[in-house]
Amino acid sequence: AVPRDLQQPRVVFQQGKILFACQLESALLTTVVSLALEPYLTDDPHQIAVRITKLRAGRVPLPMKRTLERLSSATSRAGVRLQWSQDGGDPVAILQLPRNVGEPARSAVVESLRVEDGRLSVGGRLMP
């Protein structure tokens with residue numbers, strides 16, 4: 001869930017990037033917070049990586065530590081396994097897809113991931 005102090009969330013899909021923005025309203029200030037993400041596949045077909053390239057309040061870069069901690073907590077509460085890595089100094093969230101789910105037990109395998117103007121496409125299949 002989006003925290004209450006974040007209003008009017010927007011998501012834009014551009015070539016290779018996902019841009020998220022929303023208005024932050026607090027007692028101290030009102031500004032637009034933006035986050036730029038670059039999702040990609042890893043060598044493991046059970047993982048998706050998301051590189052965080054920008055986090056800003058207006059034009060001012062924000063420290064990522066608190067945001068990364070909140071993302072870790074949210075994914076943990078949702079039962080999603082998450083590891084952190086780095087790429088070129090940027091944090092990278094590596095999301096582990098569930099294995100052995102359902103009856104009969106199957107695992108999700110991601111075979112393609114593309115971000116195009118206006119669209120995010122993810123292709124894959126369930127493996128026995």
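The values are calculated or read from the model by the stated rules, or taken from the named source; none is laboratory data. On a predicted model such as this, the values are computed, not experimentally measured, just so you know. Counting neighbours? That spans all protein chains shown, and the Cβs are built from the backbone with ideal geometry, glycine included. Side chains included, ligands, DNA and RNA excluded: accessible areas come from the protein's heavy atoms. Shrake-Rupley method; radii C 1.70, N 1.55, O 1.52, S 1.80 Å.
Values computed for the structure shown
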| read-out | value |
| --- | --- |
| Within segment 20-43, considering residues that are among the aliphatic types (A, V, I, L, M) and under 20 Å from Trp84 (Cα atoms), the one surrounded by the fewest Cβ atoms within 10 Å (Cβ to Cβ) | Leu41 |
| Condition check for Glu38: of a type in the set (Asp, Glu) and at pLDDT 95 or above | yes |
| Leading residue by the ranking (least open to solvent (accessible area, probe 1.4 Å)) among those in segment 81-103 that are modelled with pLDDT under 90 and at negative phi | Leu97 |
| Where Arg106 falls short, out of the listed (1) open to solvent by 50 Å² or more (accessible area, probe 1.4 Å); (2) within 29 Å of Asp5 (Cα to Cα) | (2) |
| Any chance Leu68 is at pLDDT below 90, on the phi < 0 side of the Ramachandran plot and surrounded by 10 or more Cβ atoms within 10 Å (Cβ to Cβ) | no |
| Strands (runs of 3 or more DSSP E) (entirely within segment 30-127) containing at least 2 residues that are touching a strand residue (DSSP E or B) at 6+ places or on another chain (Cβ under 7 Å) and without any contact (Cβ under 8 Å) to a residue 60 or more places away in the chain | 30-41, 47-57, 81-87, 90-96, 119-127 |
| Among (1) touching a strand residue (DSSP E or B) at 6+ places or on another chain (Cβ under 9 Å); (2) of a type outside the set (Ser, Thr, Tyr); (3) not in a strand (DSSP E or B) - the single one Cys22 does not satisfy | (3) |
| Filtered residues of segment 109-128 (kept if more than 21 Å from Gly16 (Cα to Cα) and open to solvent by 80 Å² or more (accessible area, probe 1.4 Å)) | Arg125, Leu126, Pro128 |
